[in-house]
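*Asks:* First the structure, which I've put down as structure tokens, then a few questions once you've had a look.
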Amino acid sequence: MKLSNIHNLPDPFVELVTFDSYSKGKSDFTTTELIGPPKASILRRRHDDEITEDVSMRVWAMSGSSKHHILEQIAKRNPARYVAERRMYREVSGKLIGGQIDLYDKETKTLIDYKETKVWKVTKGDMTEWVAQGNINRFLCGDEFEIEHIKNIAFLKDWTDRDTGQDGYPQTPVVCVPLEIWSTEKTEAYLTERVRLHHNYMQLPDDSIPPCSREERWEGAEKWKVKQKDAARAIKTYPDEENPDPKAAERNAQQRAFEMNSKPKSKGGYDVLHFPATPTRCLRFCSANTFCNFYQTQVKGKFTDSEE
């Protein structure tokens, strides 16, 4: 990957975020690759020399790496209890799978991973990729470590104390997230399928690789909002918790706007605004989107970052 510095940031910062000690070692696939979308992973592999990223966008990766390094040094002070930053390997379907564990606590028999993330990840509760990653790494540890618990320590980079009164909002900027433990059979089945997908798709040209799924694109629900003209925020969003059916959402929004506009004291009138399901990962978190035919034809230029 090539790096740019379009904001002319100081050289010490550039050198800091440019340094990357990560290595996938001898593995054919890593845990991170396997839990992610095959198309995005393969395009990044193929076009790594053509992808450009600005150094300013590496600030959070640098922050996460710094925490990892410090926590690793602390853990290594007590080798009788902790194992830190160990890369593990196992073969699945003829391919060598590698994964690096952040921390194993021998005393509590807990596998721990550190995550730099945002509040929504915790409040939304979608831990699908975290659970898969944790269980793959548990599988890679084999019989070397007895693992009874898997936890992620999440550092919430957009946390603010003014929102702690909201229902479900994390009370601290760092939270411990316990994760489901799969059976060995479930983990092996998952790994076998992911290896098959990634391997088979690697045989295809770029444009023939199936697009990422809606879940992989972090694509939320299509929405309609009833909004008073010139108002800053919508008064109602459909679908909602009371009526989550997306097929009825547009009809319900139109009916609500009609009722609001029919009121004698209605001022300015009410509109129905449509917001298509936004593929957030494609738009803001996929470094290979330039080489993705789905992004170029279905996403680029058709979405904005905000619904309001």
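*Asks:* Can you give the Kirkwood hydrodynamic radius of region 1-95 from its Cα pairs, in Å with one decimal?
*Replies:* Details: mean 1/r = 0.0621 Å⁻¹.
Evaluated over region 1-95, this radius sits at 16.1 Å.
*Asks:* Just order 210-217, 141-148 by mean Cβ neighbour count inside 10 Å, highest at the front, would you?
*Replies:* So the order, starting with the most tightly packed, is 210-217, 141-148.
*Asks:* Nearest 5 is fine: what % of DSSP beta bridges in the chain come out antiparallel, could you say? Display every interim value, and only then the final one.
*Replies:* On the way: 29 of 42 bridges.
Counting DSSP beta bridges with both partners in the chain, the antiparallel share is about 70 percent.
*Asks:* Helix-only mean residue ellipticity at 222 nm, the chain, DSSP H runs n ≥ 4 weighted -39,500 (n - 2.57), per residue, nearest 500. What is it?
*Replies:* Taken over the chain, the calculation gives -9500 deg cm²/dmol.
*Asks:* Mind sorting out which of (i) 20.2; (ii) 19.7; (iii) 22.5 is the real Kirkwood radius over Cα pairs in Å computed from the coordinates?
*Replies:* (iii)
*Asks:* Still on this structure, I have one more. Would you mind checking the tilt of helix 128-141 against the longest principal axis of the Cα atoms of the chain, expressed as 0 to 90 degrees and rounded to 10?
*Replies:* Computed tilt is about 10 degrees.
*Asks:* Once both labels are modelled 7 Å past Cα along the beta-carbon direction, what's the Ser23-Trp60 spacing in nm?
*Replies:* 2.9 nm
*Asks:* Once both labels are modelled 7 Å past Cα along the beta-carbon direction, what's the Asp49-Gln296 spacing in nm?
*Replies:* Placing both labels 7 Å beyond Cα along the Cβ direction yields 1.9 nm.
*Asks:* Any chance you could run the full-extension gain for Asn8 through Ser213? It's 0.36 nm times the residue separation minus the Cα-Cα distance, nm to one decimal.
*Replies:* Numbers: separation 205, 0.36 × 205 = 73.80 nm, distance 3.71 nm.
So the extension gain works out to 70.1 nm.
*Asks:* Further question: Using a basic spin-label model with each label point 7 Å from the Cα along Cα→Cβ, how many nm lie between Thr32 and Leu96?
*Replies:* Distance between the two pseudo-spin positions: 1.9 nm.
*Asks:* Let me ask something else. Quick check: net charge around Val119, other residues with Cβ under 10 Å of its Cβ, Lys/Arg +1 and Asp/Glu -1?
*Replies:* Result for the neighbourhood of Val119: +2.
*Asks:* Using 0.36 nm times the number of residues separating Arg87 and Asp143, minus their current alpha carbon distance, what extension gain do you get?
*Replies:* 18.7 nm
*Asks:* Suppose R0 equals 25 Å; then what is the FRET efficiency for Asp163 and Ala232 from their Cβ-Cβ distance, rounded to the nearest 0.05?
*Replies:* The computed FRET efficiency comes out at 0.85.
*Asks:* While we're on this one: Using only Cα atoms, find the angle between the long axis of helix 246-262 and the longest principal axis of the chain, and express it within 0 to 90 degrees, rounded to the nearest 10.
*Replies:* 30 degrees
Each reported figure results from applying straightforward, stated rules to the coordinates on display, with no laboratory input. As the structure is a prediction and not an experimental result, all values here were calculated from the model. Using ideal geometry, Cβ is built from the backbone for each residue, glycine included, and neighbour counts are taken over all protein chains shown.
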